[in-house]
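Here the structure comes first, spelled out in structure tokens, and everything after it is commentary.
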Amino acid sequence: MKMTRKHLLGLAIIVALSPAVISTSYAQLHLEIAKAPEQAPKIAIVPFSNDQTIYPIVESDLNRSGRFTSSSQNLPATAQINSANAESWKAAGIPYVVVGTSKKTADGGIEIHYQLYDVEKQTYLLNELLNVPASRVRAAGHMISDAIYQALTGIKGDFSGRIAYVLRNPATPNQRYTLQIADTDGEQPKTILTSRDPILSPAWTPDAKKIAYVSFETKRPAIYLQDLATGQREVLARFRGLNGAPSFSPDGKSMLFTASMDGNPDIYKMNLETRQLERMTNDSAIDTEARYAPDGNSFIFTSDRGGSPQIYRYSFSDGNAKRITFKGAFNARGTLSADGKKLALVHRPSGSNYKVAIQDLNTGIVSILTPTSLDESPSFSPNGQMVVYATREGNRGLLSVMSTDGRFRMNLPSEQGEVREPAWAPK
């Protein structure tokens, strides 16, 4: 498929949705391990006493991190709180052991005591007591996984995070498109919006309490901001022509978006307190898909000003825009890792193959990440170790989550339609 200026203009448009009431759930995503690391340190997750929920979550989380091989099955030895048999675990070649207990408290909550044991050093790396409401047991499991991951890698875990995505279900015409939020393992989905018309590119605010989107409900594209707790929303942009592709500054005080109020699609910045506008690009090309850099001093965007879609960086200090992608005839949908060192993008290496790639911004080296060929909408996890993106496998439209080193990949399909447009929530 040849990428034309018409196709690029399509990237600049975020299309319609209509208001809907937030509901607790809709269609569940189902986690499928597509690629497991060939070699990874083993962790034994000894089943917690009085528990059938927490330890399976920890086991699943650590397995899908791509860094570990965790199991609660066929363990060579048993262990309890404050009682680990180091020699038996060492003989089995298992360097780390997780043990725990769970019990109900007088107020109806759950008390969780867990420990992470280092077999070689014969010491406890973690020994924590948690008290959580019964409704937060799943969240507690992810919190434990985050703590274990950080203790062993020095990197914050992202298992407690959330992913926004769009579900397309032709079987329900009045709710054909649904904006949802779920845990990173696909569990506990919540419906934020439903519409008969397409929904694209949800954008989180930095505090992850609100999501911006574009609606055509007034026959004119307008950017709305919706509070996830209350469902209340406000209009941020309703100018003549296009209004789309919102992105929030790290401090939450301003928003970049694409608009054509002055004739051509360009990048504009809005002060969210005063609603004052500033035009950031002014080019005969199509400029779209702006994304703030983590330090707030620049932003990246897609433009065809060089003859084909490529990614540029605009510096607020001097107002200059410099091209940062050079390999391949097509590079778009760029997003930056939280440390600002890596760029994830949709890259066309040849023909009609559109893959997610990672570019090292210091060296310029581009590494194709994904094995599939119709990939789109990459989004980094907050710790930069994973990328979620939309892809197709056969007749399925699904999400995939892949480690940035390429060693691990899992799929998140839905039984009720196609899953598209993922956005990982900031921490």
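Values in this text are rule-based calculations from the coordinates and carry no lab data. As the structure is a prediction and not an experimental result, all values here were calculated from the model. When we count neighbours, we look across all protein chains shown, and the Cβ atoms used for this are built from the backbone with ideal geometry, even at glycine.
Ordering Ala134, Gln52, Val97 by Cα displacement along the dipole of the range 39-153 toward the positive end leaves Gln52 in first place; charges were set at the Cβ atoms of Lys, Arg (+1) and Asp, Glu (-1).
Measuring r between the beta carbons of Ser352 and Asn82 and using R0 = 60 Å, the FRET efficiency lands at 0.50.
Placing a pseudo-label 7 Å from each Cα along the Cα-to-Cβ vector at Asn50 and Ser373 gives an inter-label distance of 5.6 nm. The label-point distance for Arg407 and Asn395, in a model that sets each label 7 Å from Cα toward Cβ, rounds to 3.8 nm.
Could I get the Rg over Rh figure for the range 39-153? Both from C-alpha atoms, Rh via Kirkwood, rounded to two places.
0.95
When peptides 272-283, 149-160 are ranked by their average number of other Cβ atoms within 10 Å per residue, the highest-first order is 149-160, 272-283.
Among the DSSP helices (H) of the chain, none spans at least 30 angstrom by Cα along its long axis with an average Kyte-Doolittle hydropathy of -1.0 or more; this is a geometric and hydropathy rule only. Here the gap between Gln232 and Asp251, fully extended at 0.36 nm per residue and compared with their Cα-Cα distance, gives a gain of 4.7 nm. Between Ser315 and Ser284, residue separation times 0.36 nm minus the direct Cα-Cα distance comes to 9.2 nm.
Relative contact order for the chain: what is it in percent, counting Cα pairs under 8 Å that are at least 6 residues apart? Intermediate values should be presented prior to the final figure.
Values: 1126 pairs, mean separation 65.6, N = 427.
Relative contact order, the chain: 15 percent.
With 0.36 nm allotted per residue and the present C-alpha distance subtracted, the Arg240-Glu217 stretch has 6.8 nm of extension available. Summary value for the range 39-153: 26 percent relative contact order, contacts being C-alpha pairs under 8 angstrom separated by 6+ residues.
Label separation (Met261 vs Arg305): 2.1 nm, computed from points 7 Å beyond Cα along the C-beta direction.
Please check which bits of the range 398-427 a label hung off Asp197 would reach, taking the label as a point 7 Å along Cα-to-C-beta and the cut-off as backbone N under 20 Å. Residues 420-421 fall inside that zone.
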